[in-house]
Amino acid sequence: MTEPLLDVRGLKVHFPIRKGLVLNRVVGAVRAVDGVDLTINPGATLGLVGESGCGKSTLGRAILRLAPVTEGSVLFDGTDVADLSGEKLRQMRRHMQMVFQDPMASLNPRQSVETILTEPLRAHRIPFDETRVRRLLDQVGLPASAARKYPHEFSGGQRQRIGIARAVALEPRLVIADEPVSALDVSIQAQVLNLLDDLQEQLGLTYLVIAHDLAVVRHMADEVAVMYLGGIVEQADADELYAHPTHPYTKALMSAVPVPDPKIEATRERIILQGDLPSPSNPPTGCRFHTRCPFRQETRCDDERPELREVRPGHRVACHFAEEIAAGKITARELDLTPV
Amino acid sequence: MNPEPLLSVRDLSVRFGLKGQDTFTAVDEVSFEINPGQHLAIVGESGSGKSVTALAIMGLLPQRGVKVSGEVRYRGTELLGKSRREMSRLRGREIAMVFQDPMTSLNPVITVGKQLSEVLRRHFGISESEALERGVELLNRVGIPDAGRRIREYPHQMSGGMRQRVLIAIGLACEPKLLIADEPTTALDVTIQAQVLEVLKELVADTDAALLMITHDLGVVAGMCEDVRVMYSGRIVESAHRDQLFAEPRHPYTGGLLESIPRLDSPRGARLTPIPGSPTQTIPWSQGCAFAPRCSRRVEACTESAPVLEHTGDRDLRCFHPLGAEATTTAGAAAPTTTDTPEATS
């Protein structure tokens, strides 16, 4: 078996909640990421799905050390990034880059595209010339004339291309893309997704794609992890996960995605969850999903936090009753949406 | 065909721009009808004019710098040119609207109950306590637990999904005949979107209201609306029943949209077929088809004159060279009128 490029173990990111002006005591913590294990093999794409507030972006940022790591390790090619600091961390970042969600907000409006694209090279003291910029622009499908322009002169899709060009400028090994297309118009999204596909092939990149859109993740990823309230609840090969979603949350998430086909929409079964995401500063005891789970049982769910365990080869689920649910022994409760 | 439409929009145009300056046409001769109880969707991307259409119907566009022309008839009465007072008697009671962003469309310094009872008191002239009582009932119906307590809260104390439910409750408070929902779930997470759509669907069915849904999400349309109008750059380019539209899109833009979306049920790893360019890359309709610069099926005729919206087979279509028209056209020379195109088989 190949050595994974990225190996995240027991990662926790807790943001302290402070109170009081003088003493500034820590009175609690927002457990944005609370014990996550992940591995990504070189050249593969891992998709991380979840809804807003589940901690997926924080997880991505913590891997790059853009968010503080409270506990756990992030092994990148055998080196623990969580332990690095100063010059060593800076050196390491050369191999890990990020594509941000909003290209409007992540490009400096006062820098020309050329400056934006060469900044990473300058920061790492890598000599470059004009052809480097031209080649980068060409790689992301922008004309060479773009180099002298400023971000406001481009459309949303083109701006995202600039963001991607900046991320690949250093020829990194790992690219973390946080919601790379969700700020774009529907007709543009496919262009950017195809570009990411092409770059992966050309440059041999490894991706961590973070998104709330299951269809986007399914398109991009070889393996998918589903996150809920700071923890991973299910992880499997993409085909396996989408064919056999096993965790009740994954099932609900999948059944909630509207499909642009009226025939399917009319017939398919929907699991509708009740209520909202609980606060990560005061997560529910036991299984974090039990407050909204339509399959909740009297025992275990409320007080015992389920571990990720393998239910089928390569398919791991954090649910006490995964097998029973899969076998149809436990059925979903009918949820009353409109109490009278 | 049908007795009397609930709402009939004819040649609606909206132009922005102050006197003596260049004007921008956001909505360009848009016509459609909604019958009682019908669910109609207007689909388009940002800048297509779909939201401006809704605001024009509601009379919510600013007076200055905006020129609205055409006809908007509600049960036979013309709405354009009605005074503000007349319109506010209608709004909320007969036609109501649910806006996209529940953060900005609720007043942050007034309790949810007050905002909900306002519309009831205004249109039914009932007392505050009576209105609040009904408000609790309404919140219950949109699935807000503990409504009696929640009604005294302020919008910031609620989650996004809750706030959107409150907006739906306000929209349907007076049981309007027509509900206009402008991207009602775009700001929400998928599982919350599913909850809210379910509530919306149920309530619209319960009150027999007609629904005009404005969205960019074809998936939402497939589940909610029987009829679809696709807008591009201010004009309707395709208009059809959803079954026909999704099974066999004929306008290249509609087809492109459907093909470019990654779907949960399509084979994985298949390469997406994007629409090239961006929605800002367009030509004025006066010079041809606005979609022509991005269109893979462009022929010469497309940049010579603008296609008109014509009834062909099972739908209305604005295109010189629609999808599935291979039989009658040879490469590079589409017939300018496609009225005799063989009908789509579905």
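A few remarks follow.
- Estimated [θ] at 222 nm from DSSP helical runs (n ≥ 4, -39500 (n - 2.57)) normalised by residues in chain A, nearest 500: -8500 deg cm²/dmol
- Take every Cα pair under 8 Å whose residues are at least 6 apart in sequence, average their separation, divide by the length of chain B, and the relative contact order is 17 percent.
- C-alpha long axis of helix B:128-141 to longest principal axis of chain B, angle in °: 50
- Peptide-level mean, for A:188-195, of C-beta atoms on other protein chains within 10 Å: 6
- Taking the Kirkwood radius as Rh and the Cα radius of gyration as Rg, segment A:2-148 has a ratio of Rg/Rh equal to 1.04.
- Total charge dipole magnitude, segment A:49-111, about the Cα centre, Cβ charges on Lys, Arg, Asp, Glu only, Debye to nearest 20: 300
- Chain A: most fluctuating residue of A:29, A:147, A:243 per GNM, C-alpha cutoff 10 Å: A:243
- Calculated P(r) of segment A:109-150 - Cα pairs past 15 Å, %: 36
- Positive-pole candidate from B:240, B:282, B:305, dipole of segment B:223-317, charges at beta carbon: B:282
- Normalised by 2.2 N^0.38 Å, where N is the number of residues, the alpha-carbon radius of gyration of segment B:35-82 equals 1.27.
- A simple charge model with +1 on the Cβ of Lys and Arg, -1 on the Cβ of Asp and Glu and nothing else charged puts the dipole of segment A:113-216 at about 420 debye relative to its Cα centre.
- The mean count of C-beta atoms from other chains within 10 Å of the C-beta of residues in B:245-254, rounded to a whole number, is 1.
- Dimensionless Rg/Rh of the protein assembly as shown - Kirkwood Rh, Rg from C-alpha atoms: 0.97
- Over 24 Å between alpha carbons, listed pairs A:263/B:201; A:251/A:329; A:56/B:201; A:251/B:50; A:251/B:201: A:56/B:201; A:251/B:50
- Per residue, the convex hull volume that the Cα atoms of segment B:110-245 enclose (Å³): 123
- Extension gain for residue B:303-residue B:101 works out to 68.9 nm (0.36 nm per residue, less the C-alpha to C-alpha distance).
- Under a Gaussian network description of chain A, with springs only between Cα atoms under 10 Å, the residue in A:42, A:262, A:294 that fluctuates furthest is A:262.
- Test item: A:267-277 mean partner chain Cβ contacts at 10 Å: 4
- Listing B:177, A:149 from fewest to most neighbouring C-beta atoms within 10 Å gives A:149, B:177.
- Protection proxy ranking of B:79-86, B:108-115 - average other beta-carbon atoms within 10 Å, highest first: B:108-115, B:79-86
- Of every Cα-Cα pair in chain A, the percent that sits beyond 27 Å: 50
- Rounded to the nearest 10 degrees, the angle from helix A:186-203 to the longest Cα principal axis of chain A is 70 degrees.
- Based on alpha carbons, the Rg and Dmax found for segment B:250-315 are 14.1, 42 Å.
- Counting every pair of alpha carbons in segment A:256-340, the share spaced more than 16 Å apart comes to 65 percent.
- Relative to the longest principal axis of the Cα atoms of chain B, the long axis of helix B:160-172 lies at roughly 90 degrees.
- For chain A, a crude dipole built from +1 on the beta carbon of Lys and Arg and -1 on the beta carbon of Asp and Glu, taken about the Cα centre, is about 1220 debye to the nearest 20.
Each reported figure results from applying straightforward, stated rules to the coordinates on display, with no laboratory input. Because the structure is a prediction, the values reported are computed rather than measured. So basically every Cβ, Gly included, is an ideal-geometry build from the backbone, and we count neighbours across all protein chains shown.
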